[in-house]
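**Student:** Just passing along the structure, written as structure tokens.
Every number in this text was worked out from the coordinates using simple rules, so none of it is lab data. Model, not experiment: these values are computed from the prediction. Here Cβ is always computed from backbone atoms with ideal geometry, including for glycine, and neighbour counts include all displayed protein chains.
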Amino acid sequence: MPEGRGPVLQGQARTAYLFLAPGLALFFLFVLIPVIAAFYLSFCRYDIIHPPTWIGIKNYARIWTDISKQGIFYLSLRNTAQYAIGTIPVGMALALALAMLLNAGLRGISIYRTSYYLPVVTSLVAVSMVWMWLYDPSYGLLNYGLEVLSRGLSLVLGREVVIPPQAWLGDPGQAMPAIIVMSIWRGLGYNMVIYLAGLQSIPDHLYEAAIIDGAGPWQRFRSVTWPLLKPTTAFILVVSVIGASQVFAQVYVMTNGGPNNATTVIVHQIFQNAFSFMKMGYASAMAFVLFALIFVLSLINLRLLRGGEVEYA
Amino acid sequence: MSWRGISLLALLAAAALLSGCAHRDGKIELELWIADFNQDTRGLIDDELVPRFEAAHPGVKVNTQYISWAHLDEKLTISFAGGVAPDVFQVGAEYVGGMAYRGMAEPLDDYIAQWGQADDYFPASWNTCMYRGTVYGLPYLSAPRVLVYRKDLLRQAGCDRPPQSWEELADAAERMTVRRGPVIDLAGMNLPVSWQVYVQFLWENGGQIFTEDGARSLLDSPEAVEALQFYVDLYNKYEVCPTAGMPVAGGAIPVFASKRAAMEINNQFGVYNVKKYAPEMLDDVGIAVPPGRKEKVVSVYTDWLAMSPQSRHKELAWELMTFLMEPENLAAYNATLFFIPPRRSAADTARFMQDNPQLQEFVSLMEEYGRSLPAIPEWFEIRTGLQSAVESAIYQTKTPEQALRDYSRELNELLSERVEAGYAGG
Amino acid sequence: MRPGLAKQSLLHLLLAVGGLTMILPFLWMLSTSLKPESEIFRFPPVLVPNTWDWANYVEAMKAAAFGRYFINTIIYAVAVTATNLLFCSMAAYAFARLRFRGRNPLFILVLGTMMIPPQVTMVPVFIMLKRWPLVGGNDLLGVGGHGLLNSYTGLVLPMAVGAFGIFLLRQFFMTLPSELEDAARIDGCSEAGIYWRIILPLSKPALATVGIFTFTAAWNQFIWPLLIMSKDSMKTLQVGLQVFQTQYTTTWDLLMAATVVLTVPVLVIFMFGQRYFTRGIALSGMKG
């Protein structure tokens, strides 16, 4: 529909600008301008102390060389992708299942909701520290569980079974999966809450109509729930991808990128380069390479899950 | 959301926004940042040292902030960027090069000449604050790394003195290691996987990280490769180092103090941990210089105080620094944290030093064999890259020679960038 | 529609087992907070402490000015939540329901900024706040004082409007049936009236979500308050927790006690906000 035609639509436009004004003003000032500044810095050498010096695309060229030689930025890209693939599909599926379980009208639902949201509510730093401890090779619950398991198996099988204690965060192969498990645990409540809000807005009468039509639970899910949840799913997917691409706190606290660079993620590289190595220009370039990747991914996501306006039959 | 609720929130928000003004009560404010602290340190500084300083300098207020190392770099750089850097701040052993290079630390040669107390400092500590002959700070606490070992276990293994060479070290460690299947119950030699351990071996082998002028890497030299090979062998060939299931260095109860290791290279925390977790073992703990191959070396890591060039009250900042450096104050500070005071007069008079005879051995070893890291601006990148190289060798994704060759190349590129850029202002 | 008894029991079982897994680390945290330091590192690990050392809580709270930090954090979290709820919903309404030139590109721009890691924008924002003219001792050109640093304003403003809230609310608004709005428009209701009287009440679940998330994020935020505040009296709770962690030791018992205490307010907010997750009442008037 062409814009600005007719008094009603013009009025809409005016209200729109009014409505947008305060939010966007703050947004431009504190979000957009710094982003533009960071973009400018990505073409500079900037050690944060002295004024930036323009060096053109050298930072980006360096990133390109790093990727082609499988250097550390490449490793961080790979690790971040590993993290995203590990946490997003499983996390979202579990969250949806959980939200649907909690939406079934059970008693005591708020206790469950609260306990599933509890991991989200605590600061990520504190949670990371608790998990570091759970994973501790000597005093942690997990290795204790392994020991109990090996003792149990020894009893059952009648011979000595020794499951050696694992290094978890100290083992290059186990560190990232360990962080992934912790992150799924943490993010579950978050996505669950969003899915719950989405589920709540699906009117009952649609389900009732489907039941009258003879649809079983899976059919109902496919024809009513899933399509109407599309905007919610799209939202969660985009936000999850963005969140996964920016994972940092857990890695910083639990492994600081190690062991043997098994867990260094993109933002960890950005952080190190910006504040330890004083290479803010290079860090900004990395941030924008990340941005480009995520932007493309998000466009694909939004397209796949297109389902904005809903028409009620 | 009722109208009342919203207007209440709005009022609250407005009140909050308007109340953020700073007061000016006419005092000169000095900002002090401390990164090594605990409960006792804060009590010492907040309740004793600062009030005494303020009493001696009426009209001056000291605002102390305690910032953990994990966040120090961020906060420091952003504060410098914004022009609100602290007047006096604490930094670590690898910082002097970068800070001098970027103009984040004020050269103190003139102040020190007038002060005249430089000679009281241990050379290995003092050198940590020097870059290209100029002094940029005052050492605040020192941590020399020596060989800490169990005298009883060594005797049981048939050795009457601590190992004096690499061969003896590997041999003694092997004899003292206790295994149970794939699990090591008692590690002969506790070594974390760390670039600092590697540098120790490197120096013991007569190697260097850089050339004299700091312009090129020497990590591809035969000495460097031998050192890494030995380190890797301790892990993978002799298998005397802790495996998974051992307390992680720095977490929970440390390996040595939990009686799961016979020897380790550690700073004075080796003794501290034993005192704390296994005091009955204290008499069996021996201190010795780490077994060298071509040289005997004790690496010393010192944290120090610097002054910001942005400070508007440099004379006062210097007085604050020297006040904190007075022997009793310095000793008191180090006592709270169990570090070695970097000044002889402080180390001699400190009660806790006298109460712990083993600490005095640390001091004498430091005097005789102490060495600190060479000052170079790129230490943060180097320690990250070197750590990766060491890890890749120990986890066997590369051979020691490969790892060092690759890293040496990277390091040379890094160093050449600096020579290019040259920070003569901009 | 309540499911049958058998089904109910199964669901309860699943949820309970899952719930227990979720809170296990917290039970650990709780148990550690009640142990004296000597009991913390034991193998095999002990879940229920022998003696319940409530003194840890008292000691933890006395270790730093947590009362003051609490006030600061409340002000910060409430202000940020209020501004986000208000401004994000207004902007989201414009993006979702109003037609104007440049709507889609603008929305994509807003979305795009979410994809930039905050680490690279922190420095420009910091400098901007420091050089804010005519505040905190600054002159017209923003030189001389410390601008908006060390102030609530400086703490709140950069976080006052988040792309997340705009995005979530816009998605949600788009699922609302447009019949109600069309009817209201025909009745002569202004856009602002539609926003206030129709859209917002229907959006309680989404608003509750944004409110809870924003409050939680602000409550738990660490880096930003750490960088902006250099006076102890202005610190927030998370920054205050630092006192328990040093380079060589962590006083676990006190740290866990403090963390437990800090978690309670957000939990309370969540339990309070949960009520709004129940169905919007107006939807039931939609039949036929």
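**Student:** Would you mind counting up the charge near B:Gly292? Only other residues with Cβ under 15 Å from its Cβ, with Lys and Arg at +1 and Asp and Glu at -1.
**Tutor:** Net local charge, B:Gly292 excluded: -1.
**Student:** Peptide A:108-120: average number of partner chain Cβ atoms within 10 Å per residue?
**Tutor:** Averaged over the peptide's residues, the number is 6.
**Student:** For chain A, list the DSSP H helices whose alpha carbon atoms reach 27 Å or more along the long axis and whose average Kyte-Doolittle value is -1.0 or above?
**Tutor:** TM-like helix candidates: A:6-27, A:72-102, A:175-200, A:280-304.
**Student:** Which one, A:Pro51, A:Asn191, A:Ala126, is farthest towards the positive end of the dipole of chain A when Lys and Arg carry +1 and Asp and Glu -1 on their Cβ?
**Tutor:** A:Pro51
**Student:** How large is the Kirkwood hydrodynamic radius of the protein assembly as shown, counting all unique pairs of alpha carbons, in Å? List each step's numbers first, then the result.
**Tutor:** Details: mean 1/r = 0.0323 Å⁻¹.
31.0 Å is the Kirkwood radius here.
**Student:** Over chain A, what is the relative contact order in percent, taking alpha-carbon pairs closer than 8 angstrom and at least six residues apart?
**Tutor:** Numbers: 331 pairs, mean separation 84.0, N = 313.
Normalised by residue count, the contact order of chain A is 27 percent.
**Student:** Give the share of C-alpha pairs in each 10 angstrom bin for the range B:263-386, from 0 to the last occupied bin, in whole percents, shortest bins first.
**Tutor:** It works out to 11, 33, 34, 18, 4, 0, in whole percents.
**Student:** Among A:Met280, A:Gly173, A:Ser150, which residue has its Cα positioned farthest towards the positive end of the charge dipole of the range A:42-304, with +1 placed on the Cβ of Lys and Arg, -1 on the Cβ of Asp and Glu, and the dipole taken about the Cα centre?
**Tutor:** Projecting each Cα onto the dipole axis, the largest value belongs to A:Met280.
**Student:** Okay, moving on. When chain C is modelled as a GNM with alpha-carbon springs shorter than 10 Å, which of C:Leu155, C:Leu106, C:Leu34 fluctuates the most?
**Tutor:** Ranking C:Leu155, C:Leu106, C:Leu34 by mean-square fluctuation puts C:Leu106 first.
**Student:** Which value, in debye to the nearest 20, describes the size of the charge dipole of the range A:42-304 about its Cα centre when Lys and Arg Cβ atoms bear +1, Asp and Glu Cβ atoms bear -1, and nothing else is charged? Kindly include the intermediate steps, with their values, before the conclusion.
**Tutor:** Values: 15 positive and 9 negative charges, 94 e Å.
Dipole of the range A:42-304, to the nearest 20 debye: 460 debye.
**Student:** So how far apart, in nm, are the two label points at C:Lys62 and A:Ser154 if each is 7 Å from Cα heading toward Cβ?
**Tutor:** Each label point lies 7 Å from its Cα, and together they span 4.6 nm.
**Student:** List the residue ranges in chain C for DSSP H helices whose C-alpha atoms run 15 angstrom or more along the long axis and whose Kyte-Doolittle average is 0.0 or above.
**Tutor:** Those that clear 15 Å and a mean of 0.0 are C:5-33, C:66-83, C:103-113, C:163-175, C:204-220, C:252-273.
**Student:** How many Cβ atoms of partner chains, on average, are near each residue of A:169-176 if near means within 10 Å of its Cβ? Before the final figure, lay out each step's value.
**Tutor:** Values: counts 2, 9, 2, 4, 1, 1, 0, 0.
What the average comes to for A:169-176 is 2.
**Student:** Please give the FRET efficiency for A:Val161 paired with C:Thr51, using the beta carbon to beta carbon distance and R0 = 41 Å, rounded to the nearest 0.05.
**Tutor:** E between A:Val161 and C:Thr51, to the nearest 0.05, is 0.70.
**Student:** What's the longest piece of chain A with no exposed GluC sites (Glu not before Pro), counting a site as exposed if DSSP puts it in a loop and it has at most 12 other beta carbons within 10 Å?
**Tutor:** A:1-159
**Student:** Jot down the radius of gyration and Dmax of the range A:166-313, Cα atoms only, both in angstrom.
**Tutor:** Gyration radius and largest Cα-Cα distance of the range A:166-313: 20.6, 66 Å.
**Student:** With each pseudo-label sitting 7 Å past Cα toward Cβ, what's the B:Thr397-C:Leu30 distance in nm, one decimal?
**Tutor:** Here the modelled spin labels are 4.1 nm apart.
**Student:** Place a +1 charge on the Cβ of each Lys and Arg in the protein assembly as shown and a -1 charge on the Cβ of each Asp and Glu, then give the dipole magnitude about the Cα centre in debye, rounded to the nearest 20.
**Tutor:** 4340 debye
**Student:** To continue, here is another question. PRE reach from B:Asp109 (point 7 Å along Cα→Cβ): which of the range B:209-227 fall under 15 Å by backbone N?
**Tutor:** Nothing falls inside the zone, counting backbone N under 15 Å.
**Student:** Evaluate 2.2 N^0.38 Å with N set to the residue count of chain B, then give the Cα radius of gyration divided by it. Before the final figure, lay out each step's value.
**Tutor:** Details: Rg = 24.1 Å, N = 426, 2.2 N^0.38 = 22.0 Å.
Ratio of Rg to 2.2 N^0.38 Å for chain B: 1.10.
**Student:** Quickly rank C:171-184, A:277-290, A:233-246 as a protection proxy: mean count of other C-beta atoms within 10 Å, highest first. The partial results should precede the final answer.
**Tutor:** Numbers: C:171-184: 17.8, A:277-290: 26.1, A:233-246: 21.7.
Order by mean packing, descending: A:277-290, A:233-246, C:171-184.
**Student:** With a cut-off of 8 Å between alpha carbons and a minimum separation of six or more residues, what is the relative contact order of the range C:136-286 in percent? Each step should come with its number before you reach the end.
**Tutor:** Working: 92 pairs, mean separation 38.4, N = 151.
Relative contact order comes out at 25 percent.
**Student:** What does the structure give for A:263-275 when I average, per residue, the other chain Cβ atoms found within 10 Å of the residue Cβ?
**Tutor:** Shielding by partners across A:263-275 averages 4.
**Student:** Just to check, using Stokes-Einstein with a Kirkwood Rh over alpha carbon pairs, what's the diffusion coefficient of the range B:120-221 at 37 °C and 0.692 mPa s in µm²/s?
**Tutor:** For these conditions, the coefficient is 193 µm²/s.
**Student:** Evaluate Rg over Rh across the range C:63-244, taking Cα atoms for both radii and Kirkwood's formula for Rh. Intermediate results must be reported in sequence, preceding the final value.
**Tutor:** Working: Rg = 19.3 Å, Rh = 18.3 Å.
Across the range C:63-244, the Cα-based Rg/Rh ratio is 1.06.
**Student:** Given labels modelled 7 Å from the Cα in the Cβ direction, how far is it in nm from B:Glu367 to B:Glu48?
**Tutor:** So the two model labels end up 2.6 nm from each other.
**Student:** Give the calculated FRET efficiency between B:Val183 and A:Ser110 to the nearest 0.05, with a Förster radius of 56 Å applied to their Cβ-Cβ distance.
**Tutor:** After rounding, the FRET efficiency stands at 0.75.
**Student:** Tell me, what ³J(HN,Hα) does each residue in the range C:225-242 have, in order and in whole Hz, if you take phi through Karplus 6.51 cos²θ - 1.76 cosθ + 1.60 with θ = phi - 60° and put x for Gly and Pro?
**Tutor:** Computed from phi, the couplings for the range C:225-242 are x, 4, 6, 6, 9, 10, 9, 4, 6, 9, 5, 9, 4, 4, 5, x, 4, 3 Hz.
**Student:** Counting other C-beta atoms within 10 Å, and keeping those with at most 15, which DSSP coil trypsin sites (Lys or Arg not before Pro) do you find in the range A:1-104?
**Tutor:** The qualifying sites are A:Arg5, A:Lys69.
**Student:** Tell me, what is the percent relative contact order of the range C:63-244, built from C-alpha pairs under 8 Å that lie six or more residues apart? Present the calculation step by step, with values, prior to reporting the outcome.
**Tutor:** Values: 197 pairs, mean separation 69.0, N = 182.
Result for the range C:63-244 is 38 percent.
**Student:** Still on this structure, please answer the following. For chain A, what size does the Cα cloud have along each of its three principal axes, sorted from largest down, in whole Å?
**Tutor:** 83, 68, 33
**Student:** Please compute the net charge surrounding A:Leu41, taking Lys and Arg as +1 and Asp and Glu as -1 over other residues with Cβ under 14 Å from its Cβ.
**Tutor:** With Lys, Arg at +1 and Asp, Glu at -1, the net is +2.
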